[in-house]
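First up is the structure itself, then whatever we jot down about it.
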Ligand SMILES: Cc1cc2nc3c(=O)[nH]c(=O)nc-3n(C[C@H](O)[C@H](O)[C@H](O)COP(=O)(O)OP(=O)(O)OC[C@H]3O[C@@H](n4cnc5c(N)ncnc54)[C@H](O)[C@@H]3O)c2cc1C
């Protein structure tokens, strides 16, 4: 493409071979429709793409994997970072450096060679940078904190088209860690690794008849466990199709996921009240290397349609499980995958170097995944609204990382942060991106500036 001479990677416009493949990530309901896609090979390509966007008044969207797409670009510049997927581990310093497009899987494997683990989440397929910028709630986060709490430095291309490295003491270092993609295109990030070689982990899969009891007991159980016990529960209506393993097919499952940093003996003892609820269809709990941690949640890798929303809860009240089950439980006739993650542990503690991550005091986060039929608002959105409405009495806000699908509502970003942090983020946005070039995200509008989302080539 003429517009983008001098790239190491390629630039693709609508109609070019590879355009559709490059704009399509994991999320398939809501696709970017950029005027140009830059398949970046390195920092210089990102710089060129950002300068091009700013010169032409276009919005910039970034895609590494497409797991977190929430505001698709219409006519802007899409920077595809998937080829910038390098990893370097420094075992002595216990740190890793990952490129913009690196998936967790690569870091987990490289760190595992040295008996170390990152603060990765449920799916090793998710991108490192998008995850950390949104906070990053990991399998080990109750023990060690948010991934954003353990970043050493960040290399970022800002709206002035310059590449900078930011570290503790820089305003942008505070804002990027939790502020998502609002402040630039991150080209690389350095973060801590932890000496966790092995885990007691896996999943307990209970059948439909036990689901309500498991959900209620899980709520009570989370109040009793030590910080080293990480867990979540998923309530999953499994489709009745051959691709699903026979014992799980067509069932509405309760899937309790465990990641415990401790001995097998203690782990076994801690999960006793859950196992005592009854037979499991599948029980994979046991000792495992951290490199196998992706099997705990066992999330699908294939591209798919989904809409994901969430509520950060001050408490997982006794009334909440039944309120949720009435709306999307077995027999409700309404499709929705419910997930509740246990927070707490060290998460409420302020990190050594402050960042923008909000709602640290939340005790649990409720996530809901529904299946929209197309890009417009439909029954999937209504289900999401109803479930989120049902937990309103205990909702303190949202987590920006668990907002996926077409959810660009202006008020959403405000709900992701403490009020003072939001004001500071908006003020920093006005300084670093007054034109809101980086708007295809959970968007923080620059203070006193109009939000622009739909820039088109003229
Ligand atoms: C199956 C699944 C499991 C998940 N599990 C967890 C979990 O356990 N814990 C958790 O905290 N989150 C989890 N998430 C949420 C996930 O961390 C966010 O959606 C994250 O934004 C995904 O980043 P990505 O690069 O993979 O996705 P992408 O869609 O490629 O990027 C998402 C957004 O991140 C920003 N971004 C990405 N790369 C850059 C960059 N280089 N510079 C600036 N901005 C950038 C952009 O705003 C972009 O729109 C999960 C999501 C899914 C779909």
Residue check: is residue 69 assigned to a loop (DSSP other than H, G, I, E, B) and within 9 Å of the ligand (Cβ to nearest atom)?
-> yes
The number of residues in the range 206-217 that are within 24 Å of residue 266 (Cβ to Cβ) and out of contact with any helix residue (DSSP H, G or I) (no Cβ under 7 Å at 6 or more places or on another chain) is 1
Here the residues within the range 108-122 that are farther than 18 Å from residue 261 by Cα and in a loop (DSSP other than H, G, I, E, B) are 113
_Here is a check on your reading of the model: is residue 430 modelled with pLDDT of 95 or more, farther than 27 Å from residue 53 by Cα, not assigned by TED's automatic domain parsing to the domain that holds residue 233 and not in a loop (DSSP other than H, G, I, E, B)?_
no
Subset of the range 280-311, residues out of contact with any helix residue (DSSP H, G or I) (no Cβ under 8 Å at 6 or more places or on another chain) and over 30 Å from residue 398 (Cα atoms), comes to 280, 281, 282
Of the residues in the range 17-39, those that are closer than 18 Å to residue 53 by Cβ and either outside any helix (DSSP H, G or I) or assigned by TED's automatic domain parsing to the domain that holds residue 304 (or both) come to 32, 33, 34, 35, 36, 37, 38, 39
Reported set for the range 52-66 where residues are within 16 Å of the ligand (Cβ to nearest atom) and at negative phi is 53, 54, 58, 59, 60, 61, 62, 63, 64, 65
**Report entry** Check on residue 317, surrounded by 15 or more Cβ atoms within 10 Å (Cβ to Cβ), in the same structural domain as residue 371 (by TED's automatic domain parsing) and closer than 22 Å to residue 213 by Cβ
**Finding:** yes
If you go through 158, 102, 81, the only one that is free of Cβ contacts under 8 Å to residues at least 60 places away in the same chain, in contact with a helix residue (DSSP H, G or I) (Cβ under 9 Å, 6 or more places away or on another chain) and buried (at least 18 other Cβ atoms within 10 Å of the Cβ) is 102
Residue 204: passes all of (1) in the same structural domain as residue 275 (by TED's automatic domain parsing); (2) under 27 Å from residue 349 (Cα atoms); (3) more than 22 Å from the chain's Cα centre (by Cα) but (2)
Pairs returned, first residue in the range 389-406 that is outside the structural domain of residue 147 (by TED's automatic domain parsing) and closer than 20 Å to residue 30 by Cα, second residue that is in a helix (DSSP H, G or I) and within 10 Å of the ligand (Cβ to nearest atom), beta-carbon separation under 7 angstrom, 6 or more apart or interchain, are 400/180; 401/131
Inside the range 80-107, the number of residues satisfying the requirement of being within 8 Å of the ligand (Cβ to nearest atom) and assigned to a strand (DSSP E or B) is 1
If you go through 374, 401, 358, the only one that is assigned to a helix (DSSP H, G or I) and either at pLDDT 95 or above or surrounded by fewer than 20 Cβ atoms within 10 Å (Cβ to Cβ) (or both) is 401
Among strands (runs of 3 or more DSSP E) completely within the range 219-296, the ones holding 3 or more residues that are crowded, with 17+ Cβ neighbours inside 10 Å and free of Cβ contacts under 8 Å to residues at least 60 places away in the same chain are 252-260
Test for residue 413: is it in a helix (DSSP H, G or I), within 16 Å of the ligand (Cβ to nearest atom) and in contact (Cβ under 8 Å) with a residue 12 or more places away in the chain
yes
For the range 148-182 the number of residues that are within 11 Å of the ligand (Cβ to nearest atom), in contact with a strand residue (DSSP E or B) (Cβ under 7 Å, 6 or more places away or on another chain) and assigned to a helix (DSSP H, G or I) is 2
Within the range 19-51, restricting to residues that are under 15 Å from residue 6 (Cα atoms) and surrounded by fewer than 20 Cβ atoms within 10 Å (Cβ to Cβ), the one that is nearest to the ligand (Cβ to nearest atom) is 43
A careful count of residues in the range 123-146 that are within 7 Å of the ligand (Cβ to nearest atom) and in a helix (DSSP H, G or I) gives 4
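The values are calculated or read from the model by the stated rules, or taken from the named source; none is laboratory data. These numbers were taken from a predicted model, which means no experiment stands behind them. Note: ideal-geometry Cβ built from the backbone for every residue, glycine included; neighbour counts use all protein chains shown.
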